[in-house]
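Here is the structure we will look at, set down as structure tokens.
The values are calculated or read from the model by the stated rules, or taken from the named source; none is laboratory data. Everything numeric in this text was worked out from a predicted model, so none of it was measured. Glycine also receives a Cβ, built like all others from the backbone with ideal geometry; neighbour counts cover every protein chain displayed. SASA here: full protein model, heavy atoms, side chains in, ligands and nucleic acids out. Shrake-Rupley method; radii C 1.70, N 1.55, O 1.52, S 1.80 Å.
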Amino acid sequence: MNAISIQSSTPRLPPYVSQALRKYAPLIIIIALHIAFFYALRSGLVHQVAKALPREIFANFITEEPAPQPKPQPAEPKTVPVVKKQVTRPTPRPVVAEAPSPQAITEAPSPPQESKEPPAVAAPAAPSAPSVPATPKLISGVSYINAPRPVYPPLDARMGNEGTVTLRVLINEKGRADKVEVQKSSGSLRMDDAAREAVMRALFKPYLEDGRPTPAYAIVPINFTLNR
């Protein structure tokens, strides 16, 4: 018998097509499922399935609280009568003064003792201060140890001003001028000030009274004269 070869009527795909189908088959299935899900949403099948599912039921159990019991009231205090006790005071006994026996010896009071404090010594009197005259004397003439040397004011020298300044000077015990007053001006304040400063720098011989230096006033003239 001759063998009869039976060929299948199913068409065969090319090999590159079958490989592509194997490679992209999962992706095609996922895309098909998404398309089916979106179609179900559009047609309302998902809402019908959700309504068919049973809903959750929430139940709350309420427990009854016991009623509050009344608080016990405090008992009223009892009144106890107060009994006053009578206190009996003891009767005082009479005091009998006993007479001193004739054989008792009485001591005579001791005479007061004289104080043996030393007599107060009087403090020595403070030495009296030396008598100083209230107003110093005005003497007629003076002697110098360092005579006054006035400085001629330059402006007065250029202007040709001349004059004499009469000063009243208080000389102390050390021969210094304590106080200088202008008794008669020279006509120029600059020459008056120069004469006063010269007298303050000078040294006088102290005025002696009974051999002791004593403050005294003196009249001192200062001349300003240009050598022409």
Does residue 179 count as within 17 Å of residue 143 (Cβ to Cβ) and charged (D, E, K, R)? no
Can you pull out the residues in the stretch 144-163 that are open to solvent by less than 60 Å² (accessible area, probe 1.4 Å) and either farther than 14 Å from residue 197 by Cα or of a type outside the set (A, V, I, L, M) (or both)? 148, 150, 152, 153, 156, 157, 160, 161, 163
Screening 208, 167 for residues that are modelled with pLDDT of 95 or more and more than 57 Å from the chain's Cα centre (by Cα) leaves only 167
For the stretch 177-227, give me every one of the strands (runs of 3 or more DSSP E) that falls completely inside it and has 1 or more residues that are of a type in the set (Val, Ile, Thr). 177-184, 212-214, 216-224
Failed criterion for residue 157 (all others in (1) at pLDDT below 95; (2) under 56 Å from the mean Cα position of the chain (by Cα); (3) aliphatic (A, V, I, L, M) hold): (2)
